[in-house]
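Everything below concerns the one structure shown next.
The values are calculated or read from the model by the stated rules, or taken from the named source; none is laboratory data. From a predicted model like this one, the values you see are computed outputs, not experimental measurements. A quick note on method: Cβ atoms are made from the backbone with ideal geometry, for glycine too, and the neighbour counts reach across all protein chains shown. Areas reflect the complete protein model, heavy atoms only, side chains present, ligands, DNA and RNA absent. Shrake-Rupley method; radii C 1.70, N 1.55, O 1.52, S 1.80 Å.
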Amino acid sequence: MSKYLITIGLETHVQLKTNTKMFCGCSLKFGEEPNTNVCPVCLGYPGALPVMNREAVKLTVMSGLMLGCEISRLSTFDRKNYFYPDMSKDYQISQQARPLCLGGGVTIQTPAGPKRVRINHIHLEEDAAKINHYARFSGVDFNRCGTPLMEIVSEPDLSSPDEALAYVQALKQILVYAGVSDCNLEEGNLRCDVNISVRPEGQEQLGTRAEIKNMNTFKGIYAALEYEIARQLATVARGGVIVQETRRWEPDLGETQSMRSKENAHDYRYFPEPDLVPVALASEQIAAWKALLPELPSARRERMVAEYGIPEYDAGVLADAKENADFFEAAVRLCSPGLGKTVSNWFMTEVMRQLSVTGKTISECPLTPAALAELVELVDKRVINGPTAKELSAELFENGGMPGVLVAKRGLGQVSDSGALEGFVEQAIAANAKSVEDYRAGKKAAAGFLVGQVMKLSKGKADPQRVGILVAEKLARLA
Amino acid sequence: MSHTLDVAYVAELARLELSPDEKRTFQLQLETIVNYVEKIGELDLAGIEPTLHGQALVNVFREDVVVPSLDRECVLANAPERNGFEFKLPKIVEDA
Ligand SMILES: [Zn+2]
């Protein structure tokens with residue numbers, strides 16, 4: 001069998017973070033009872049007129065700027081005509097001829113190195129209503145109808161399920177960074193249609209493609225692509241022909257199924273939307289929105305490595321979620337110079353462990369960057385020891401507050417007074433003659449036991465490193 | 001003359017059932033209209049901006065502020081059938 005090339009392109013639908021719908025003032029609060037956030041516009045009543053949400057245009061343009069797109073100076077809306085009960089006016093307002101953003105791309109990491117995935121365009125449209133399917137009938141809820149959706153259409157630059165997944169994840173990260181969408185997959189904020197084709201190596205022209213519609217989990221996208229690639233390769237291998245069609249991913253069956261859509265289903269008879277005037281964007285307006293953009297995650301990773309001297313691995317983990325990176329940077333900036341790696345260690349071990357245990361995000365926790373910074377300083381200045389700091393961090397994570405205050409109030413400061421420490425060492429040695437014997441007999445581990453005893457006598461407040469030195473000195477003198 | 005217009009095809013897309021007679025009639029009538037509009041193609045339009053909208057307006061926006069929605073009972077009052085608070089439909093299998 002000759003080698004086959006796989007070609008994948010994605011259409012990613014992203015719900016924008018607006019308060020209201022695309023063309024009416026109905027609320028977009030998630031999880032409301034059916035048909036509570038509806039009005040004549042989003043119910044598709046004849047004669048009701050759409051009025052465009054400025055914020056949706058702004059967020060789409062900001063997304064385009066984050067993704068390196070060219071922003072159209074003049075953009076128009078079109079009607080996409082189709083008959084299906086999720087759109088009661090029988091057309092969806094979308095953009096075909098003049099979308100808001102053109103070009104651009106996303107860089108993904110592949111085993112062969114970074115790869116640029118080009119974006120064809122980004123357009124703005126309205127979402128359809130939700131249809132719930134029951135055994136004997138279906139029901140329509142129009143709450144979702146009219147939600148602003150941004151559709152990001154990639155070029156067919158992807159060649160494996162892994163790359164497709166990396167692309168969607170990179171896209172999600174950038175959009176969450178930009179604050180344009182929550183990209184919450186459970187709430188359907190991000191849905192993908194996938195185009196896929198195979199062709200023999202050496203053939204220029206792309207093979208006939210199948211489209212898999214409406215996937216809303218990363219796992220689903222990956223599994224559907226794996227299945228569909230295998231299906232197409234098997235079809236070709238036995239001399240079959242791939243037909244251009246729309247397929248549906250059935251997660252329970254683990255397969256894609258033809259939707260046997262009618263012929264001409266893709267002829268949407270687009271025409272200009274007469275109820276909306278064009279959007280004209282002056283360069284000053286675009287510049288003003290550009291000024292609101294945050295740093296791209298990749299740029300931030302590089303900067304954090306350079307600025308705080310943390311390893312690339314740390315920067316990658318920290319920059320993965322914008323709010324984690326924001327927290328880390330705020331904490332580091334409050335610390336003495338040179339403590340970047342220490343703060344990173346505390347964040348990546350203690351804080352992230354607590355986050356994963358509690359299932360919270362950092363903004364949901366009372367721990368502040370100032371508290372973490374102070375904790376790191378207290379350890380660095382040897383005011384408190386590691387175990388005490390760990391206990392404190394758990395408490396700060398849960399209840400907030402400042403570590404310095406807690407240390408003062410509870411007398412948690414390390415015992416660094418030499419006289420006191422030496423007293424503890426003497427006591428420990430006197431009470432554990434057997435360990436001293438063992439040590440003399442060559443069992444050096446016995447020293448560790450004695451250090452533990454001293455720590456206990458100090459109620460955990462001694463600096464373990466200093467105790468170690470003192471115990472070693474004392475034993476050496478006894479030897 | 002218009003080879004781009006096929007009434008039978010357009011009628012099918014629009015879910016219109018036309019008799020053979022109606023198809024012939026509308027084919028002729030619509031061709032006349034399309035041909036009339038196509039006359040504009042006889043002019044040299046190079047360098048002329050296309051008209052994007054009937055009105056010389058741009059940027060009509062609404063601020064992103066929630067306004068009250070309709071009362072749900074009013075919304076559902078005209079539904080031929082309802083399932084709880086949903087509009088009830090015959091069972092649908094496929095997406096568009
Ligand atoms: Zn509405």
(message) Going through A:GLN285, A:GLN244 one at a time, which residue ends up being open to solvent by 60 Å² or more (accessible area, probe 1.4 Å), at pLDDT 95 or above and not small (Gly, Ala, Ser)?
(response) A:GLN285
(request) Out of the residues in region A:1-43 that are without any contact (Cβ under 8 Å) to a residue 60 or more places away in the chain and within 10 Å of the ligand (Cβ to nearest atom), state the one that is farthest from the other protein chains (Cβ to nearest Cβ). (result) A:PRO40
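Here is a yes/no grid of residues against (1) closer than 30 Å to A:LEU43 by Cβ; (2) more than 7 Å from chain A (Cβ to nearest Cβ); (3) not acidic (Asp, Glu):
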{"residue": "B:GLN27", "(1), (2), (3)": "no, yes, yes"}
{"residue": "B:GLU31", "(1), (2), (3)": "no, yes, no"}
{"residue": "B:ASN35", "(1), (2), (3)": "no, yes, yes"}
{"residue": "B:LEU43", "(1), (2), (3)": "no, yes, yes"}
{"residue": "B:THR51", "(1), (2), (3)": "no, yes, yes"}
{"residue": "B:LEU57", "(1), (2), (3)": "yes, no, yes"}
{"residue": "B:ILE92", "(1), (2), (3)": "yes, no, yes"}
(request) Mind counting the residues in region A:443-479 that are open to solvent by 50 Å² or more (accessible area, probe 1.4 Å) and in a loop (DSSP other than H, G, I, E, B)? (result) 6
(request) Return the residue satisfying two criteria in turn: it lies in region A:306-322 and is modelled with pLDDT under 90 and not aliphatic (A, V, I, L, M), and of such residues it is nearest to the chain's Cα centre (by Cα). (result) A:ASP320
(message) Suppose we filter A:ALA330, A:ALA420, A:ALA370, A:ALA394 for residues that are within 19 Å of A:ASP463 (Cβ to Cβ) and open to solvent by 30 Å² or more (accessible area, probe 1.4 Å); which single one remains?
(response) A:ALA420
(message) Would you confirm, using the coordinates I've provided, whether B:ASP64 is open to solvent by 80 Å² or more (accessible area, probe 1.4 Å), closer than 28 Å to A:ASP141 by Cα, among the acidic types (Asp, Glu) and free of Cβ contacts under 8 Å to residues at least 24 places away in the same chain?
(response) no
(message) of a type in the set (D, E, K, R), more than 16 Å from the ligand (Cβ to nearest atom) and either open to solvent by less than 50 Å² (accessible area, probe 1.4 Å) or in contact with a His (Cβ under 6 Å, 6 or more places away or on another chain) (or both): which single residue out of A:ARG79, A:ARG73, A:ARG98, A:ARG54 fits that description?
(response) A:ARG79
(request) Determine, yes or no, whether A:SER63 is within 12 Å of the ligand (Cβ to nearest atom) and among the small types (Gly, Ala, Ser). (result) no
(request) Name every residue in region A:52-89 that is under 29 Å from the mean Cα position of the chain (by Cα) and without any contact (Cβ under 8 Å) to a residue 12 or more places away in the chain, in order of residue number. (result) A:ARG54
(message) Quick check on my filter: what residues within region B:67-90 are facing chain A (nearest Cβ under 7 Å), open to solvent by 60 Å² or more (accessible area, probe 1.4 Å) and part of a loop (DSSP other than H, G, I, E, B)?
(response) B:VAL67, B:LEU70, B:PHE85
(message) Looking only at region A:329-386, filter to residues that are touching an Asp or Glu at 6+ places or on another chain (Cβ under 7 Å) and part of a helix (DSSP H, G or I); which one of those is modelled with the lowest pLDDT?
(response) A:SER363
(request) Please work out if A:GLN427 is out of contact with any Cys (no Cβ under 7 Å at 6 or more places or on another chain) and open to solvent by 50 Å² or more (accessible area, probe 1.4 Å). (result) yes
(message) Every residue in region A:170-192 that is of a type outside the set (Gly, Ala, Ser), over 27 Å from A:ASN35 (Cβ atoms) and touching a residue at least 60 places away in the same chain (Cβ under 8 Å), please.
(response) A:LEU171, A:GLN173, A:ILE174, A:LEU175, A:VAL176, A:TYR177, A:VAL180, A:CYS192
(message) Give me the residue from region A:143-170 that is within 16 Å of the ligand (Cβ to nearest atom) and either away from chain B (no Cβ under 14 Å) or open to solvent by 10 Å² or more (accessible area, probe 1.4 Å) (or both) and, out of that set, nearest to A:GLU55 (Cα to Cα).
(response) A:LEU149
(message) Conditions first: (1) open to solvent by 60 Å² or more (accessible area, probe 1.4 Å); (2) assigned by TED's automatic domain parsing to the domain that holds A:VAL376. A:GLY401 passes all but one, so which condition is the exception?
(response) (1)
(message) Looking at A:CYS192, A:CYS183 in this structure, which one is open to solvent by less than 10 Å² (accessible area, probe 1.4 Å), away from the ligand (no atom under 16 Å from the Cβ), modelled with pLDDT of 90 or more and closer than 30 Å to B:LEU89 by Cα?
(response) A:CYS192
